[in-house]
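Enquirer: Dropping the structure in here first, questions after.
Just so it is clear, none of the values below were taken in a lab; they were calculated from the coordinates. Keep in mind that this is a model prediction, so the values were computed, not measured. Glycine also receives a Cβ, built like all others from the backbone with ideal geometry; neighbour counts cover every protein chain displayed.
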Amino acid sequence: MRAAVLWEIGLPLSVEEVELDPPQDGEIEVAIACSGVCGSDIHQLVGEYALPLPCVLGHEGAGVVERVGPGVTGLAPGDPVVLLWRSPCGRCEFCQAGRPALCSEAAELRQRGVLVGGRSRLRARGKTVHHFLGVSCWAEYAVVPASAAVRIPPGVPPEHAALVGCAVVTGVGAAWNAASLRPGQSVAVFGCGGVGLNVVQGAAAAAAHPVVAVDVQPSKESLARTFGATHFVDGNRPDLVAEVCRLTGGGAEVAFEAVGLPALAEQAVAATRRGGRTVLVGVAPGGTTARFDPQALVQQERAIIGCLYGSCRPAEEIPRLLRMAAAGRLRLQELVSRRYPLAAIGEAVEAMRSGALARVVVDPRA
């Protein structure tokens with residue numbers, strides 16, 4: 001099969017032939033129909049994640065089950081599925097507590113770039129190639145645990161399904177699950193990429209008001225308003241925090257940081273009011289730190305919380321999000337800014353790195 005391999009940090013992606021082992025016990029093989037280009041892929045490309053190389057990138061994907069390994073139930077060849085980059089083991093304390101995004105067993109495998117059993121299913125140039133976040137869907141096919149796939153109704157556009165598997169469930173889930181937004185609460189969203197725009201539409205769907213979107217790209221204003229923002233603030237303004245506080249009547253009740261930049265997290269905290277909360281959604285590069293005034297947090301009862309993968313239960317929430325989109329209650333088509341073939345994956349990455357787009361998607365069969 002063809003796949004995009006990252007051999008070393010600093011080298012361009014190489015689209016080449018990669019060997020893929022058949023699915024083992026509890027695994028499935030998926031013919032990839034569409035993949036998104038996410039900030040996490042770019043973090044790995046530039047060396048901000050310490051995950052093993054070489055690897056096939058891509059973790060936001062959807063496709064059709066090609067074949068199933070021994071012991072797989074509930075999925076069959078021909079089933080359309082969304083892939084999960086936080087697949088649950090179903091056994092650890094976090095899975096049992098209904099917090100599958102924190103699954104400890106799957107996290108250890110992702111750090112090693114392998115699947116269950118401690119071995120990769122990928123090879124190229126006679127060498128082992130690692131799995132990225134357990135998915136590796138910048139490829140024509142992927143082998144994943146059956147628990148890393150959610151069956152969806154036939155007819156869902158592949159690009160919509162792929163984006164629901166990461167950007168949508170992460171952003172909307174942050175608004176609904178981590179923040180538990182209530183009608184009328186004031187919200188500020190720092191960063192209007194694919195995830196941030198979904199925080200915005202999650203907040204709008206929860207009837208939050210006002211919903212202030214912040215981004216350094218002024219061109220994002222129209223997109224943010226399309227997704228439900230009531231106000232937009234240019235992130236380059238020197239009085240950014242003061243302007244957000246003005247628009248929210250003294251500071252947001254809930255602020256979201258959706259990029260993964262420590263400085264932006266500091267601004268988000270500063271833009272909340274007494275008793276406010278800041279939800280950190282973007283994943284910052286390893287080893288970075290942010291500075292907060294602990295006295296202000298205590299005396300003003302402000303809170304900072306982390307939100308991983310929308311704090312969601314994917315098997316339940318992904319079908320629900322797709323039903324809402326089909327009913328016109330969530331926007332998915334507007335997220336897709338551009339489409340690229342797999343051979344042009346380098347162009348797709350650079351388009352996303354520009355910061356001017358919502359999401360670009362890759363068709364591995366184009």
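Enquirer: Relative to the longest principal axis of the chain, what angle (0 to 90°, nearest 10) does the C-alpha long axis of helix 314-326 take?
Expert: Roughly 70 degrees, rounded to the nearest 10.
Enquirer: When the chain is treated as a GNM, springs tying every alpha-carbon pair under 10 Å, which of Gly69, Gly98, Gly287 comes out with the largest mean-square fluctuation?
Expert: Checking each option, the largest mean-square fluctuation is seen for Gly287.
Enquirer: Evaluate E = 1/(1 + (r/R0)^6) for Ala207 and Glu140, where r is the Cβ-Cβ distance and R0 equals 56 Å; express this FRET efficiency to the nearest 0.05.
Expert: It comes out at approximately 0.85.
Enquirer: What is the distance in Å between the Cα centres of region 23-98 and region 159-186?
Expert: Region 23-98 and region 159-186 have Cα centres separated by 20 Å.
Enquirer: Within the chain, which is the longest segment that contains none of the GluC sites (Glu not before Pro) sitting in a DSSP loop with at most 12 other Cβ atoms within 10 Å? The partial results should precede the final answer.
Expert: Working: sites that count: Glu8, Glu301.
Here the longest segment lacking exposed loop sites spans 9-300.
Enquirer: Report the antiparallel proportion of the DSSP beta bridges in the chain as a percent, rounded to a multiple of 5.
Expert: Restricted to the chain, the bridges split so that about 55 percent are antiparallel.
Enquirer: Shifting gears a bit: For region 34-51, what does the Karplus curve 6.51 cos²θ - 1.76 cosθ + 1.60, with θ = phi - 60°, yield as ³J(HN,Hα) per residue in whole Hz, taken in order and with x for Gly and Pro?
Expert: 3J(HN,Hα) across region 34-51, in whole Hz: 6, 9, x, 9, 10, x, 5, 4, 5, 4, 5, 4, 9, x, 8, 10, 9, 9.
Enquirer: Looking at region 48-100, which trypsin sites (Lys or Arg not before Pro) are DSSP coil and have at most 15 other C-beta atoms within 10 Å of their C-beta?
Expert: Qualifying residues, ordered by number: Arg91.
Enquirer: Further question: Compute the length gained on full extension between Asp25 and Ala356: take 0.36 nm times their separation in residues and subtract their Cα-Cα distance, giving the result in nm to one decimal.
Expert: Values: separation 331, 0.36 × 331 = 119.16 nm, distance 4.26 nm.
Taking 0.36 nm per residue and subtracting the Cα distance, the gain is 114.9 nm.
Enquirer: For region 180-306, what is the largest minus smallest coordinate of the Cα atoms on each principal axis, given in angstrom and ordered from greatest to least?
Expert: 38, 31, 27
Enquirer: Further, regarding this structure: If each DSSP helix of 4+ residues adds -39,500 (n - 2.57) and the sum is divided by the residues in the chain, what number results at 222 nm, nearest 500 deg cm²/dmol?
Expert: On the way: 12 runs with 95 residues, N = 366.
Only helices count here, giving -7000 deg cm²/dmol.
Enquirer: Once you place label points 7 Å from the Cα toward the Cβ at Asp363 and Ser222, how far apart are they in nm?
Expert: 2.4
Enquirer: Residues with amide H under 5 Å of His130's amide H, sequence separation 5 or more or different chain, H placed in the peptide plane at 1.01 Å from N; which?
Expert: Correct list: Cys55, Val56.
Enquirer: Further, regarding this structure: At 7 Å along Cα-to-Cβ for each site, give me the label-to-label distance between Glu301 and Ala97 in nm.
Expert: 2.5
Enquirer: Computed on alpha carbon atoms, what radius of gyration and Dmax characterise the chain, expressed in Å?
Expert: 19.9, 61
Enquirer: Take the Cβ-Cβ distance between Thr289 and Asn236 as r, set R0 to 30 Å, and report the resulting FRET efficiency rounded to the nearest 0.05.
Expert: Efficiency, from the Cβ-Cβ distance: 0.80.
Enquirer: Moving on to the next point. What does the charge dipole of region 180-306 about its Cα centre add up to, to the nearest 20 debye, if the Cβ of each Lys and Arg holds +1 and the Cβ of each Asp and Glu holds -1?
Expert: Approximately 220 debye in magnitude.
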